[in-house]
Amino acid sequence: MSVTEHDATGEDTEITETVDVLIIGAGISGIGAAYRIAERNPQLRYTILERRSRIGGTWDLFRYPGIRSDSDIFTLSFPFEPWTRRENVADGGDIRDYLDTTARKHGIDQHIRFDTHVTSAEWDPATDTWTVRAEQDGPDGPRATTYRGRFVFFGTGYYSYDEPHRPDFPGIDQFGGDVVHPQFWPEDLDHSGKRVVVIGSGATAISLIPALARTAAHVTMLQRSPTYMMSMARIDPMVEAIRKVLPPKPSHAVVRLRNALFHVLSYFMFRKAPRFGRWLIRNRTMAALPKGYDVDTHFKPRYDPWDQRMCLILDRDLFNEIGAGRAAVVTDHVDHFDATGIVLKSGKHLDADVVVTATGLQLQALGGIRILIDGQEVNPADRFVYKEYLLEDVPNMAWCIGYTNASWTLRADMTARAFAKLLAYMDSHGYTHAYPHLGDAPIDEKPTFDLQANYIKRSPHALPRSGTKRPWHVRHNYLLDVIDHRFDRIEESMVFGRTHGRAAAPTPANRAAQTA
């Protein structure tokens, strides 16, 4: 039921819905946040605003052939909802189904407002509330909707859903075939029996090429430089053994911890012993490819392991397609397109009927949503990140950012727990606003994403800033973060306050919620 209230400027505005927490995004981050908030604060009301028509986020947006997780599914799934399928690495459609099932099981789906594109969030310090404005699709076209909440949680990811990275390739308009980007894969595209060139060598290209090669005449991966790749089994025998011995929930917890530790320890090994890591990857790649294959040209990067994210090959599928002659790798640069394909800097011509530009993402903070505090616009990239989930001097707002070297959900769940803990603490003390404050002390800065990937280099200042020391350091170390959050001092560098008329003392019910 809509009501009319005064907004921060004193003008009348129609409020579609008023709740305690507004969650933006119904992907992994948003679904996880909803569960953790309700688990610790059952008295709080929440609503999820999702711009798409279905649950899933990334796993609903990307529909290209072969879409799958780039890490194991047991760390990508939630700790509170076991993954029941056999796969250790899951297909994108199965991940979306898992998220949908999880949301329905816990009643989260009843709180989602679909087809609701949030455009701005405005903080009113007089009432300690956020006013969130959105466009909601309907049978008569989009209509303006407005929501009000005490808190806002951004589960919007780190890239633009609308604008992927599209390099300006000379002559691309002259190409007579189809040009597609994986982020907007056409449902009616038929690549069967066609010559396909995939530009790129990242996670998308690595999963896309084997799927295309099954029915295409031939697939070529065109890369400017090699990427580190390691193969993982779709079905892990150790996981199978653990699941035979233990019931579903304990086995899920054990496998999840085992896989998380493997990620952390292998990352540590590659970073501390890069020469050994390069040798190990090269050795395994040579064993997977045909004898005499030019591994050093196409699979020997110039950088050390994990300077950029390492790509996951599933059951050696890419190597197998190369060995069977259905796929090939070309390491070169695009000079220009012509009517029948791509002319390379070397002078070589790649014939193509379909070109897939798997050229990467465009970084974007908070889903591109305008943030205003007391009428003044805030640029998130100007603010430092506090304990990975709050922004400097921005009250009652959290965001979720995953790891670069491990599954997104490992930190997403940690973030959701921390936010739920903060809500319980504030409610038990009668606080109506809270924000981290850096103060005037100088602070050294580092990139929020500690990779040398091109999509990060292209937009080095797109995301909020990271310091080099806690609690302002966005660290990509799961084990250290677990320890920090376990022994977290919630008052550290935080400012808490109340609006006039709010009781200072906690109520018995709220105190019980805090200690639960």
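Each reported figure results from applying straightforward, stated rules to the coordinates on display, with no laboratory input. Here the structure is a predicted model, which means the values were calculated and not measured. In this analysis, Cβ positions are derived from the backbone assuming ideal geometry, glycine residues included, and neighbour counts consider all displayed protein chains.
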Along segment 356-364, Karplus-curve 3J(HN,Hα) (6.51, -1.76, 1.60; θ = phi - 60°) to the nearest Hz, with x for Gly and Pro, reads 10, 8, 7, 9, x, 9, 10, 4, 7
Taking R0 as 41 Å and r as the Cβ-Cβ distance between VAL295 and THR101, the FRET efficiency 1/(1 + (r/R0)^6), rounded to the nearest 0.05, comes to 0.45
Nearest 10, in degrees from 0 to 90: the angle of helix 248-272 to the longest Cα principal axis of the chain is 70 degrees
Listed with the fewest Cβ neighbours within 10 Å leading, PHE184, PHE154 appear as PHE184, PHE154
Counting only DSSP beta bridges fully inside the chain, the antiparallel percentage to nearest 5 is 50 percent
Between GLN110 and TRP185, Cβ-based FRET efficiency (R0 35 Å, step 0.05) works out to 0.70
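Can you give the longest run of the chain that contains no GluC sites (Glu not before Pro) sitting in a DSSP loop with at most 15 other Cβ atoms inside 10 Å?
Numbers: sites that count: GLU11, GLU187, GLU491, GLU492.
With a cap of 15 other Cβ atoms within 10 Å, the longest stretch comes to 188-490.
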For GLU163 and LEU438, extending 7 Å from Cα along the Cα-Cβ vector and measuring point to point gives, in nm, a value of 2.5 nm
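Using a Förster radius of 60 Å, what is the FRET efficiency between ASP338 and ASP94 based on their Cβ-Cβ separation? Nearest 0.05, please. Could the numbers behind the result be given before it?
Working: r = 40 Å, r/R0 = 0.67.
Calculated value: 0.90.
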Once phi for every residue in segment 154-159 is put through the Karplus expression 6.51 cos²θ - 1.76 cosθ + 1.60 (θ = phi - 60°), the whole-Hz ³J(HN,Hα) values, with Gly and Pro written as x, are 9, x, 9, x, 10, 9
Around ARG475 (Cβ within 15 Å, Cβ-to-Cβ, excluding ARG475; K/R +1, D/E -1) the net charge comes to +1
Extend 7 Å from the Cα of MET230 along its Cα-to-C-beta direction; within segment 296-316, residues with backbone N under 11 Å of that point are 305-306, 310-313
The ³J(HN,Hα) series, computed from each phi in segment 276-292 with the Karplus coefficients 6.51, -1.76 and 1.60 at θ = phi - 60°, rounded to the nearest Hz and given as x for glycine or proline, is 5, x, 4, 5, 4, 5, 5, 5, 6, 5, 4, 5, 8, 9, x, 4, x
Counting only DSSP beta bridges fully inside segment 172-357, the antiparallel percentage to nearest 5 is 25 percent
Pseudo-spin-label distance ARG489 to ALA287, built 7 Å along Cα→Cβ, given in nm, is 4.9 nm
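Taking neighbour counts of Cβ atoms within 10 Å as a proxy for exposure, in what order, fewest first, do THR127, THR227 appear?
On the way: THR127 17, THR227 21.
Ascending Cβ contact count within 10 Å gives the list THR127, THR227.
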The summed charge of the LYS194 Cβ neighbourhood (under 11 Å; Lys/Arg +1, Asp/Glu -1) stands at -3
Expressed in nanometres to one decimal, the distance between label points 7 Å along Cα→Cβ at THR119 and ALA324 is 5.0 nm
Read-out Cα extents along the principal axes in Å, candidates [x] 133, 63, 53; [y] 153, 55, 50; [z] 77, 54, 47; calculated match is [z]
